[in-house]
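Working notes, beginning with the structure itself.
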Amino acid sequence: MKKKLGLLTSLVVAASVLVTACGGGTSTGTGSTNQPGGENAKRIALIMRQNVGTFSAQYINGVKTEVEKNGGELTVFNADTDLVKMASNLDAAVNQKFDGILIDHGTAEALQQGTQKAVDKKIPVVLFDTDINIPGVPVVAQDDNKLAELSLEKLAADTNGKGSIVKIWVAGFAPMEKRQVTYAAFQKKYPDIKEIAAFGSATNNTALDTQTQMEAILKKYPNKGDITAVWAAWDEFAKGATRAIQQAGRTEIKVYSIDLSDEDLQMIQTENSPWAATAAVDPSNIGRIHAQTVFQKIKGEQVPDNVKLNPVLVKQEDLPKDKKVTMGDLSQYVQEWGK
């Protein structure tokens with residue numbers, strides 16, 4: 001048992017890097033399948049609330065890589081942000097007797113009953129950033145409080161603890177709710193940092209919708225110094241805010257965020273980019289550990305009910321000005337990445 005727990009621990013340590021989503025095109029509205037494993041392959045269902053942005057793509061790619069490594073077949077069910085559809089997809093996976101089920105960003109209200117049904121049918125289930133609490137159902141999660149703390153403390157340091165900020169955040173997601181707890185503590189700690197606007201929504205075009213909303217905020221506060229910084233609780237928010245700020249020529253406004261992808265890195269490295277820093281865990285590694293944990297359950301190995309992945313802060317100032325950095329070589333510039 002110690003060896004098995006040691007293996008999981010080493011994988012978790014390896015995953016202590018920055019992140020959010022991107023990856024392979026394995027997802028459709030009803031589900032799609034990769035079948036490398038043959039007749040005896042274990043069938044794994046990935047039940048997703050949504051597949052939006054590069055974080056999700058990288059996460060899916062990590063899941064797919066680990067499933068194929070174990071000779072399995074992956075079917076991705078994308079609910080397009082619809083929790084009713086997500087619950088229906090989970091029921092379908094249980095009724096189709098998949099060998100293992102992965103749930104990504106679900107809620108207890110929508111999925112508790114379906115998850116319990118899977119457990120009752122002896123189908124191993126592993127959650128990612130989902131607030132269901134059933135003994136024997138492991139939860140893989142980023143340390144969302146630490147993600148928020150790292151990005152917010154960098155904002156406070158860069159502004160000397162003073163200024164007017166815009167918060168971009170959305171309720172209804174377990175990781176977002178945890179990040180909001182840390183944000184509330186941040187507001188008390190730094191009373192001279194004032195929130196002057198807050199908005200956010202999760203859609204199939206989150207970055208574009210955020211850009212439109214941020215453009216309206218910039219028109220409301222048109223003068224230099226009106227807005228000191230933006231805190232974005234998701235990199236899709238940060239992308240939209242950054243584009244709006246750049247197009248308005250307001251790059252004195254700095255952006256601090258959570259999550260990371262190759263696309264994000266390119267934007268952060270753009271000349272005069274307002275995107276100053278982001279805290280993240282490598283989404284590909286999240287996917288790999290999520291899938292690896294369900295295979296451990298399938299094999300009957302002992303795994304903890306909670307697997308927490310540690311984030312890293314990536315700062316614009318740490319990246320070279322003469323070379324474009326990718327997630328693959330980020331550890332050359334951010335020492336903690338990948339450790």
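The values are calculated or read from the model by the stated rules, or taken from the named source; none is laboratory data. Keep in mind the model is a prediction, meaning the values are calculated, not measured. So basically every Cβ, Gly included, is an ideal-geometry build from the backbone, and we count neighbours across all protein chains shown.
The table below gives the values:
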{"quantity": "Residue within the stretch 173-194 that is at pLDDT below 95, polar (S, T, N, Q) and within 19 Å of the chain's Cα centre (by Cα) present", "calculated": "no"}
{"quantity": "Members of the stretch 290-317 that are surrounded by 24 or more Cβ atoms within 10 Å (Cβ to Cβ), in contact with a Phe, Trp or Tyr (Cβ under 9 Å, 6 or more places away or on another chain) and closer than 17 Å to residue 102 by Cβ", "calculated": "290"}
{"quantity": "Verdict on residue 203 being over 22 Å from residue 82 (Cα atoms), surrounded by fewer than 22 Cβ atoms within 10 Å (Cβ to Cβ) and polar (S, T, N, Q)", "calculated": "no"}
{"quantity": "Residue among 230, 181 that alone is in contact (Cβ under 8 Å) with a residue 60 or more places away in the chain and either touching a strand residue (DSSP E or B) at 6+ places or on another chain (Cβ under 6 Å) or surrounded by fewer than 21 Cβ atoms within 10 Å (Cβ to Cβ) (or both)", "calculated": "230"}
{"quantity": "Residue selected from the stretch 257-277 under the condition of a type in the set (Val, Ile, Thr) and over 17 Å from residue 58 (Cα atoms), by the criterion surrounded by the fewest Cβ atoms within 10 Å (Cβ to Cβ)", "calculated": "270"}
{"quantity": "Residue, nearest to residue 133 (Cα to Cα), within the stretch 282-320, restricted to residues that are touching a residue at least 40 places away in the same chain (Cβ under 8 Å) and of a type in the set (Lys, Arg)", "calculated": "308"}
{"quantity": "Residue in the stretch 135-157 that is modelled with pLDDT of 95 or more, over 21 Å from the mean Cα position of the chain (by Cα) and under 26 Å from residue 218 (Cα atoms) present", "calculated": "yes"}
{"quantity": "All positions within the stretch 47-61 that are more than 17 Å from residue 174 (Cβ to Cβ) and either modelled with pLDDT of 95 or more or outside any helix (DSSP H, G or I) (or both)", "calculated": "51, 60"}
{"quantity": "Test: residue in the stretch 216-225 that is modelled with pLDDT of 95 or more and in contact with a helix residue (DSSP H, G or I) (Cβ under 7 Å, 6 or more places away or on another chain)", "calculated": "yes"}
{"quantity": "Residue, farthest from residue 206 (Cα to Cα), within the stretch 69-91, restricted to residues that are assigned to a helix (DSSP H, G or I) and touching a residue at least 40 places away in the same chain (Cβ under 8 Å)", "calculated": "90"}
{"quantity": "Pick from the stretch 57-66, criterion aliphatic (A, V, I, L, M) and out of contact with any helix residue (DSSP H, G or I) (no Cβ under 6 Å at 6 or more places or on another chain), ranking: surrounded by the fewest Cβ atoms within 10 Å (Cβ to Cβ)", "calculated": "57"}
{"quantity": "Residue in the stretch 269-276 that is within 21 Å of the chain's Cα centre (by Cα), within 25 Å of residue 207 (Cα to Cα), of a type in the set (A, V, I, L, M) and modelled with pLDDT of 95 or more present", "calculated": "yes"}
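A quick yes/no check of all residues on (1) assigned by TED's automatic domain parsing to the domain that holds residue 293; (2) buried (at least 19 other Cβ atoms within 10 Å of the Cβ); (3) in contact with a Pro (Cβ under 7 Å, 6 or more places away or on another chain); (4) of a type in the set (Ser, Thr, Tyr):
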position: 55; (1), (2), (3), (4): yes, yes, yes, no
position: 69; (1), (2), (3), (4): yes, no, no, no
position: 76; (1), (2), (3), (4): yes, yes, no, no
position: 109; (1), (2), (3), (4): yes, no, no, no
position: 115; (1), (2), (3), (4): yes, yes, no, yes
position: 121; (1), (2), (3), (4): yes, no, no, no
position: 135; (1), (2), (3), (4): yes, no, no, no
